[in-house]
Each structure stands twice: as structure tokens, then as C-alpha cells.
Amino acid sequence: MSAVLKLYNTLTREREVFAPIDSSRVRLYVCGPTVYDFAHIGNARPLIVFDVLYRLLREIYGWKHVKYVRNITDVDDKINARAAERGVSIRELTEGTNAIFQQDVSDLNCLPPDVQPRATEHIAEMIALVEKLIAAGHAYAADGHVLFDVPSMPDYGRLSRRSLDDMIAGARVDVAPYKRGEMDFVLWKPSKEGEPGWDSPWGFGRPGWHLECSAMSHKHLGEVFDIHGGGIDLVFPHHENEIAQTRCAFGHDVMANVWMHNGFLQVEGEKMSKSLGNFITIHELLHEEKFGGRSWKGEVLRLAMLRSAYRQPIDWTVKALEEAEKVLSRWYALLRESKAKPGVLPELFLEALCDDLNTPKAIAELHALAGAGEADQLLRAANLLGLLHDDPAAWDAKTSADIDVAAVEKLIAERLAARRAKNFAESDRLRDVLVGMGVKLMDAKNKQTGELETSWEVG
């Protein structure tokens, strides 16, 4: 392939050509769920984004040469509190929640990671890591706790690039008499009666949240690996503290060469929160009639998510889901009519995806392939995005009855106005929206006025 993979690196704030440490063993780690409750739709974004990256890496390097690790946090204060609230055992809570999570992720058509390590199965590795940090002078034991000594790492904060005051505020620093510095964070803490815990050199206790990922990534990917991913909300303090633990334990300049983070998600223009009544889980979207008065196919959720660039904020709306569903119906109709089989992967599509996972541009290429009737190439390219894996016969063709005529006419008028103003970027965006609605546009000049006019039909 001629396309060169470039990824935006949060650590350097630059888009870089991706060069794996070992092309026969490309390594990717992504922070997974804390299994105390159903995953919300914001949690779905990193699942889908890094699934696309995983698929792309397998396409470039071969599926045998890529190792994807996504952890499961099954020991945490939130888990303890939720289990007590429901009157169930911690094991019962985590097993049940994880089972739902795995099904939801499968319904989103995400490939299973090569390894899904559980925190509770890596306690020995965590204790060993803490011992290394103490021996190296980067951690200290106090009052049954072990804490990371932040001042012992001169370039702490390199990933988030925050001021000291911002880091103190962002870390929600606990005031405790056993802490040497206010920024020091917990590696190990004592367990109270009824809480899960393990014997350690510092007493019966359990690990701090940040420690878990350092231990699991080290065991399964090594001291330094290629890519670490997660949501933008994890940059500080979680990822910053992961870096501190791993680098100081093993003496390297980096933990992962590339750090990738997806943007925030809001719902219908507002921040998602339970207090606003717009908190939506993946499971509810898939199985309950809560959002838009109906449930949605996982593939519809996936396409709606991928229509936005992964680093940008995304507004999760019923309209976006409706548009994604119409696009998929149009594509499935083409596959059904042509009896398509996966063809050659289009170069322009691959180039878009290699440009820092530019999924909006890649999807525009899918529209172009569909418009040209290139069903075999459409199927091959869409499969790389985790789309069009269903039976085409299961999707009903859309007709003009499914099209909001007034909305189409309004968008066409806005597109023509943008063209007259020579705002071609906006014109192209509106065209893509219309195509996504299943509309075929036909531009022509009026012979009498010379003005551009647009007619349309169901695509």
C-alpha cells in the first residue's frame, strides 16, 4: 500500500508518521471499563474509535502482527459503593455488568481485543511495580498507604502540560497527614472491613486506580509500547499518573510512543448528566425505546459516531441517528441489488483513514463509491470501518416516504446560498448531509438566468 499512516500524538501535540517499535509486533493499549454500571454512550466512542484503529493496523501490518489490549477494572471504590447500594456481592456486580458490556460492544460490531486483562488477576504484578518504585526512590509507604512521590519526577505533567495549580485542581487532591506533597497520589491503600483486599508488604489493602493500567500494560505489552488510547478526560490525572509510574519504575523516557485521545460527547447540545435526564447507556440505545422513542441497531450507532472526526467534540442527536440509518439503508439496497462481494480496497479511502483516522473523509469516499455503483469496493471499504457486515436482505430499501421533503429543500437552499457566497467548504458539507439522507442531487444551470439550480430524487 502507498498510504502512510499518520497519527496525532497528544504527547508531542503533532501529527506524526507512525513507526512501530517492531512491525511484526505492533502494540496497542486502551483503557477499558470500570464494571460498576452499564457503559454510557460517551464510553462507546473510544470503543469504536480504537476498534477502527485496530482494524487499520491489522490491514497494514497483518492481523497476526498486532496486539490489542483493553483492560477491565473490577476493583474500585465505585464498585464497592454500588455493590453495597444494591445489596449484592462485588463479584456478582462485576460479573453481571461485564457480561452486559461485552454484549453491547459486540452489538457495536467491535472486534474483541487480543487480551482483556482484569485488574483482580494482576495484583502480584501491581505489588511488584510498587516495590520497584519504592526501591528507586519514587514512592514511599506511610500509614498503611503507598504513595507516588511526584516531585521525584522532574518532568511530571509532560502529557497534559498543565500548570501546578491546574493539576492540583484537576486531581481533586486529598488532604492527608501521611502525604509528603499535595500532588502525591495513591499506589496502594488499606482495605476496610467488607472491602476486597490482598496481603501486601504494607498490609491488607488494594491498588490505586492508576496503578492497575501500568501493571497490566507492562505484563502484556512490555515496558515501552507503540500506542496508548482513551478518552480526552483521561489525560489528567489518569494517563499522566500511568506515565509517571511506568517511566519511573523502568527508567525509560516514554511509556508509549503515541498517545491518542478522542473528544467529548454531548447529547442534543447539552453535557450528558443524570441531573439533566439525558444520561444514555449503550444498552438503552440498543434495546429500549428511550432515545427518539425507539431502539437502534448497533451499526447505526457506529456510523453516527464515525461521521465526526475522533478528536473533535460530538453532539449525539436523534437526527444524526436517523441520517445514519438512512445512509445504511441506501448502501444495503445497493449491495442487495448488485449481490456484492468484497472487492479491492480503494486507495483514496485508505489514504483518508491513514490521515489520523479521518473517518468523515473516509465516509465521503464511501458515498462516492455508492454513487458510482461500485458495490464491491464499497463493501470492502465499509467492512474496514466495521460497517455493512449484516445481511443486506435484513435492511428494507428506503423510499421517498422516508424523506423529510421540507428538510431536504431547506438544506438545498442553504447549499446554493453557500455556493453563491463561494463558501465551498460549507457547500460540500451540506452536500454530504443530503447524500447521507439518501438524496441524489442533480445540479444544472438555468438556461434563461444562468443561475445554478438543484433538483433531487431519492438515491
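The values are calculated or read from the model by the stated rules, or taken from the named source; none is laboratory data. Quick caveat, the model's predicted, so the values are computed rather than measured. Ideal geometry is used to build each Cβ from the backbone, glycine not excepted, and the neighbour counts take in all protein chains shown. Ligands, DNA and RNA are stripped out before the accessible areas are found, and what is left, the full protein with its side chains, is counted by its heavy atoms. Shrake-Rupley method; radii C 1.70, N 1.55, O 1.52, S 1.80 Å.
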| query | For the stretch 290-430, what is one quarter of the convex hull surface built on the Cα atoms, given in nm²? | reply | 9.5
| note | the stretch 183-249, Kirkwood Rh and Cα Rg, ratio Rg/Rh at 1.01
| task | Using a Förster distance of 41 angstrom, determine the FRET efficiency expected from the C-beta separation of A19 and A407, and round it to 0.05. | result | 0.35
| query | Under a point-charge model restricted to the Cβ atoms of Lys and Arg (+1) and Asp and Glu (-1), what is the dipole moment magnitude of the chain relative to its Cα centre, in debye to the nearest 20? | reply | 800
| field | Label zone at D143 (point 7 Å along Cα-to-Cβ), backbone N below 14 Å, the stretch 173-205 | value | 174-182, 184-186, 189-190
| request: Pop the C-beta distance of K445 and Q266 into the FRET formula with R0 = 41 Å and round what comes out to the nearest 0.05. | output: 0.50
| remark: In whole Hz, the Karplus estimates of ³J(HN,Hα) for the stretch 337-345 (6.51, -1.76, 1.60; θ = phi - 60°; x where Gly or Pro) are 6, 8, 6, 5, 10, x, x, 6, 6
| said: With a 1.4 Å probe and all protein chains kept in place, how much accessible area does E14 have, in Å² rounded to the nearest 10? | reply: 110
| request: Would you calculate the separation in nanometres between label points at A425 and V115, each defined as 7 Å from the Cα along the Cα-to-beta-carbon direction? | output: 4.3
| request: Restricting things to alpha carbons, tell me how big the stretch 109-181 is in terms of Rg and Dmax, in Å. | output: 16.2, 49
| request: Summarise the accessible area of the chain (1.4 Å probe, protein heavy atoms) by the percent that is carbon and sulfur. | output: 49
| request: Show K410, K132 ordered by accessible area, largest first, where the area counts protein heavy atoms only and the probe is 1.4 Å. | output: K410, K132
| Between the stretch 328-386 and the stretch 280-299, how many Å separate their Cα centres? | 26
| Sorted by mean Cβ packing within 10 Å, highest first, what order do the peptides 290-296, 184-190, 99-105 take? | 184-190, 99-105, 290-296
| note | Taking D253, D226, D315 and ranking on accessible area (1.4 Å, protein atoms only), highest first, one gets D253, D315, D226
| query | Which whole-number percent gives the relative contact order of the stretch 156-227, counting Cα pairs below 8 Å spaced six or more residues apart? | reply | 19
| Rg ratio (alpha-carbon, reference 2.2 N^0.38 Å) - the stretch 249-358 | 1.39
| What length, rounded to one decimal in nm, is gained on full extension from L276 through to F204, with 0.36 nm per residue of separation minus their alpha-carbon distance? | 21.9 nm
| Cα→Cβ-extended label distance, 7 Å offset, between D432 and A136, nm | 4.3
| Those GluC sites (Glu not before Pro) in the stretch 246-333 that DSSP places in a loop and that have at most 13 other beta carbons within 10 Å | E288, E289
| request: Count charges around Y8 for me, please; just the other residues with Cβ under 14 Å from its Cβ, Lys/Arg as +1, Asp/Glu as -1. | output: 0
| message | Given a Förster distance of 22 Å, report the FRET efficiency between S106 and A394 from their Cβ-Cβ distance, rounded to the nearest 0.05. | response | 0.80
| task | Averaging sequence separations of C-alpha pairs under 8 Å and six or more residues apart, then dividing by the length of the stretch 283-331, give the relative contact order as a whole percent. | result | 30
| request: State log₁₀ I(q)/I(0) for the chain at q = 0.08, 0.11, 0.13 Å⁻¹ as given by the Debye formula over alpha-carbon point scatterers of equal weight, solvent excluded. | output: -0.54, -0.94, -1.22
| request: With a ≥ b ≥ c taken as the square roots of the eigenvalues of the C-alpha gyration tensor of the stretch 68-111, please select rounded if a/c is under 1.5 and otherwise prolate if a/b is larger than b/c or oblate if it is not? | output: prolate
| note | The simple spin-label model distance between A99 and A176, using points 7 Å out along Cα→Cβ, in nm, is 3.5
| task | At a temperature of 25 °C and a viscosity of 0.890 mPa s, determine how fast the stretch 332-376 diffuses translationally according to Stokes-Einstein, using the Kirkwood radius over alpha-carbon pairs as Rh; express D in µm²/s, rounded to the nearest whole number. | result | 224
| remark: Rounded to the angstrom and largest first, Cα extents along the principal axes for the stretch 165-293 equal 54, 40, 33
| message | Sort S163, S2, S273 by heavy-atom solvent-accessible area, probe 1.4 angstrom, most to least. | response | S2, S163, S273
| said: Just to confirm, what accessible area per residue do you get for the stretch 1-151 at 1.4 Å probe, in whole Å²? | reply: 41
| task | Rank S308, H228, S295 by how far each Cα sits towards the positive end of the charge dipole of the chain (+1 on Lys, Arg Cβ; -1 on Asp, Glu Cβ) and give me just the farthest. | result | S308
| query | Listed here are the pairs K64/K341; K339/K422; K6/K319; K67/K271; K67/K179; which of them are more than 30 Å apart at the Cα? | reply | K339/K422; K6/K319; K67/K271; K67/K179
| How big is the shadow of the Cα convex hull of the stretch 5-153, averaged over all directions, in nm²? | 11.9
